[in-house]
Every structure is written in structure tokens, then in C-alpha cells.
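Notes to accompany the following structure.
The values are calculated or read from the model by the stated rules, or taken from the named source; none is laboratory data. This is a predicted model, so every value here is computed, not measured. Neighbour counts run over all protein chains shown; Cβ positions are idealised from the backbone, glycine included.
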Amino acid sequence: METARLSMTTDYAASTGDPSPYLRRIAHAGFSHVHWCHQWNTDFVYAPCEIAQIAAWLKECGVALLDLHGSNGPEKDWAAAEEYRRRAGVALVANRLEMTARLGGQVVIMHAGIAARPDGAVPAWEPLQQSLDELQPQARQLGVRIALENGDWPLLHAVLDAYPPDYLGLCYDAGHGNVDGVGLAQLAAMKERLISIHLHDNDGTADQHRLPFTGTVDWGRLMTIVRTSAYEKCISMESAMRHEGIANEEEYLATAFAAGRRLSAML
Ligand SMILES: [Zn+2]
């Protein structure tokens, strides 16, 4: 079996429930790392025994954690205006910071969770600022950074400008950047803050999470920017089966692995 320094998202088929079958299939397909994306949009709090079990599965499979998608859950939301919800959201992010450190990762990816303004101005983000302030000591102590995923670029600029790179960085999501049409230009301007990548494709009309090279993302241009950025880790894919038309998981992962190898060569 061929193996390579490549990362695959754990939620390529499902994002809740027992993750172990997916970890085994990802490892069997030859990937060296996983992007932990289970429970990425829920209020699920991982208990210590669950984190220990996941550590045991990763070890058994021989795959490492590259980074982890944290959650601003529907109720526990770090950017919520209601203080009790915001504080619960901080506890939820803290849970993911601890989990990431325990599993050997260094980055937790978060969505800002604040709607863009139609006039393109920076939306109010005081609750998010309060949450980032509260989380900074723990993140530093654990040696885990937070990466904000691209959504609203004006907000992203404002938040990244307010915190140092050894605490807060950028996760570039290739799908989001292709849908908004300005992602690559924005990334090029912020590439010194890039610490995580979510690579997947779409036709430009919606966030379809398809495999690289199946849509309209300019992979040559993107890989050139990543190559000259602060990002130092391996290719990391956040593609999902649901829009690909491949029913067999092994076949899907083999196709993902080949796409990942092609991207690695471009880096
Ligand atoms: Zn993403």
C-alpha cells in the first residue's frame, strides 16, 4: 500500500456518530493525517474518555491529527450576543483546544459566526472579541493556535489585525473562496497568516465540498500562493462524498488520495 504525507477530513461521509470506521478507511487509503471534522457544527462536548478513545484509534490506525475543526454550535456559540450562550460557546471551544493538544495537534479551526454586512463594512464583533480574549491564555498554555476560516473578508481582516500570529491565524477554505470569487486575491494579501487549509472544489455556485480538480478552483494559482505562504504542513482535503457520485467509500478515498498526491506535487 502506498502512503503519503496527506490529510483527509474525518467527515467525508458523516460528521456525527462513531468515527472509527472512517479513521480506519482513511488510514487504509494511505493518508498519514486526518483533519478532525466530526461534530464541527454541534454543541457536542467531548468527555475525557472519548478523547482518550480517539487517541487510541488514531494510534491503532497509524494516522496523526493534523488539525481540528472546532464548533460554534447552534446553542453554545462563541460569537453569540447573549452572554450565557457566548460563555457556553467559549467552554465549547476550550473543549476543542484541550482535545487538540491531547491528540497532538496545534490548530483549532473556527468560523467567526457573524453575518456579513450588505454594505461591506466590518460587522460588530464585540462578543467574538471577548471570547478570543478569554481563550488566549489557555490556547497559549496548550500550544494550540486558533485559525479563523474565511467567510466575511472585512471581518477577517479586522479580527486578524487585532491578535498576534502566534495566537490567531487564517484557515483558507478553497470552496468558500471560490464561491465568493475574491478568495485567492484576499488569500494572497494575507498569506503570512495562513496556518491551515481546507481544500475542496465546487462550480462557483455553492459550497459543494467536491474533490480537487472537479470544479472551477484555480489550483495552480492557489498552490503557488500556499507555497509562498506561512503554511508549512501537508495538503489537507475537506471534500465530502455527497456531491461526488461515488458510492463506494474505498473508491472515493482512493480518488481523493490521487487528487491529494497531485496537489502535493504542485506544492
Ligand atoms: Zn472548511
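Within segment 66-113, the set of residues being under 21 Å from Leu194 (Cβ atoms), in contact with a helix residue (DSSP H, G or I) (Cβ under 7 Å, 6 or more places away or on another chain) and more than 16 Å from the ligand (Cβ to nearest atom) comprises Val93, Leu97.
Checking segment 219-233 against the condition returns a match, with at least one residue being among the small types (Gly, Ala, Ser) and in contact (Cβ under 8 Å) with a residue 60 or more places away in the chain. Looking for something more than 20 Å from the chain's Cα centre (by Cα), on the phi > 0 side of the Ramachandran plot and without any contact (Cβ under 8 Å) to a residue 40 or more places away in the chain - is there at least one such residue anywhere in segment 247-263? The answer is no; no qualifying residue exists. Filtered by the rule that a residue be touching a residue at least 40 places away in the same chain (Cβ under 8 Å), of a type in the set (D, E, K, R) and in contact with a Gly (Cβ under 6 Å, 6 or more places away or on another chain), segment 71-88 gives no residues.
Looking only at segment 14-56, which residues are hydrophobic (A, V, I, L, M, F, W, C), within 22 Å of Glu250 (Cβ to Cβ) and surrounded by fewer than 16 Cβ atoms within 10 Å (Cβ to Cβ)? Ala14, the sole residue that qualifies. Flag not set for Ala94, criterion: touching a Cys at 6+ places or on another chain (Cβ under 6 Å) and either small (Gly, Ala, Ser) or buried (at least 18 other Cβ atoms within 10 Å of the Cβ) (or both).
Considered as a group, the residues in segment 149-161 that are in contact (Cβ under 8 Å) with a residue 24 or more places away in the chain and under 12 Å from Arg193 (Cβ atoms) include one that is surrounded by the most Cβ atoms within 10 Å (Cβ to Cβ), and that residue is Asn150. Confirm whether Asp207 is of a type in the set (Asp, Glu) and either within 15 Å of the chain's Cα centre (by Cα) or within 12 Å of the ligand (Cβ to nearest atom) (or both). So Asp207 fits the description; yes. One residue stands out in segment 154-192 among those that are within 16 Å of the ligand (Cβ to nearest atom) and among the charged types (D, E, K, R): the one that is modelled with the lowest pLDDT, namely Asp180. Taken together, Glu75, Glu60, Glu126 contain a single residue that is within 27 Å of Pro164 (Cα to Cα) and charged (D, E, K, R), which is Glu126. When you look at Leu148, is it within 25 Å of Ala115 (Cβ to Cβ), within 16 Å of the ligand (Cβ to nearest atom) and not in a helix (DSSP H, G or I), yes or no? So Leu148 fits the description; yes.
Would a scan of segment 192-199 turn up a residue that is within 22 Å of Gly104 (Cα to Cα) and either surrounded by fewer than 22 Cβ atoms within 10 Å (Cβ to Cβ) or charged (D, E, K, R) (or both)? Yes, segment 192-199 contains a residue that is within 22 Å of Gly104 (Cα to Cα) and either surrounded by fewer than 22 Cβ atoms within 10 Å (Cβ to Cβ) or charged (D, E, K, R) (or both).
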